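Just so it is clear, none of the values below were taken in a lab; they were calculated from the coordinates. Computed from a predicted model, the values in this text were never measured in an experiment. Because the Cβ atoms are built from the backbone with ideal geometry, glycine has one as well, and the counts that use them run over all protein chains shown.
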Amino acid sequence: MILSDREILAQREAGSIVIEPWRPDCLGSNSYDVHLGRWLAVYTQPELDARQHNAIDYIEIPETGYVLQPGILYLGVTEEYTETHAHVPFLEGKSSVGRLGIHIHATAGKGDVGFCNTWTLEISVVHPVRVYAGMPIGQLIFFELKGEVERPYCDKASAKYTQRTDLPVESMMWKNKF
């Protein structure tokens, strides 16, 4: 079941959902709008290796915006830091963003109970498009969880994305054993 605006507010007041900064005007009837942070990142080499730590370069989005190009994977980040302690968060792109040909995630739209951080976005575009820090980029939807969680994400030894940051975070696949 998806939480309504009233239930998101109630869970925020109870402390089971944290969104910083909180902007009341970003609360929709069953979602919360998040915004593109000021940092993007791109991988530095043309071929990535899932068993290696692939380096990235950071790009600060200037006031005049930054033009994203097709064929490049950009890692972005939300302005908002979030915590969810009793609900499953899903991040979806806003329809206005999709209509510009911007995809905000390749596969990682679902968060975990206990995820406490900003959201790294896996951005790709259909054609060149100028983006701006602070623009609405997606919306968080919160699902009720049935049953108790044995180990929240933030408590798992295998959790790779727990260090609080306002920068996009590259893939940590190389930390897995395979």
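A few points about this structure:
- Relative compactness, region 68-128, computed as alpha-carbon Rg over 2.2 N^0.38 Å: 1.20
- Here the Kirkwood formula, the inverse mean of 1/r across different C-alpha pairs, assigns the chain a hydrodynamic radius of 17.0 Å.
- Neighbour cut-off at most 12 other Cβ (10 Å), DSSP loop, trypsin sites (Lys or Arg not before Pro), region 1-75: 51
- Sorting the segments 106-113, 146-153 by their mean number of nearby beta carbons within 10 angstrom, highest to lowest, gives 106-113, 146-153.
- Computed per residue of the chain from DSSP H runs no shorter than four, each worth -39500 (n - 2.57), the mean residue ellipticity at 222 nm is -2000 deg cm²/dmol.
- Using the Karplus relation 6.51 cos²θ - 1.76 cosθ + 1.60 with θ = phi - 60°, the per-residue 3J(HN,Hα) values for region 30-47 come to 8, 7, 10, 6, 10, 10, 6, x, 8, 10, 10, 9, 9, 5, 8, 10, x, 10 Hz, with x marking Gly and Pro.
- Spherically averaged projected area in nm², based on the convex hull that wraps the Cα atoms of region 95-178: 7.6 nm²
- Its Cα centre serving as origin, region 1-103 has a Cβ charge dipole (Lys and Arg +1, Asp and Glu -1) of approximately 220 debye.
- Cβ-defined net charge surrounding residue 165, 15 Å radius [Lys, Arg +1; Asp, Glu -1]: -4
- Using only side-chain charges placed at the Cβ, +1 for Lys and Arg and -1 for Asp and Glu, the dipole size of the chain relative to its Cα centre rounds to 360 debye.
- Neighbourhood charge, 11 Å Cβ-Cβ cut-off, centred on residue 75 and excluding it, Lys, Arg +1 and Asp, Glu -1: -3
- Neighbourhood charge, 15 Å Cβ-Cβ cut-off, centred on residue 114 and excluding it, Lys, Arg +1 and Asp, Glu -1: 0
- Integer Hz, Karplus 6.51/-1.76/1.60 couplings in order for region 123-135, x for Gly and Pro: 9, 9, 10, 7, 9, x, 8, 8, 10, 9, 4, x, 6
- Options 71, 61, 16, ranked by Cα towards positive dipole end of region 12-83, top entry (Cβ charges): 71
- Both radii are taken from the alpha-carbon atoms of region 138-178; with Rh as the Kirkwood radius, Rg/Rh is 1.02.
- Region 6-71: proportion of alpha-carbon pairs further apart than 18 angstrom, %: 60 percent
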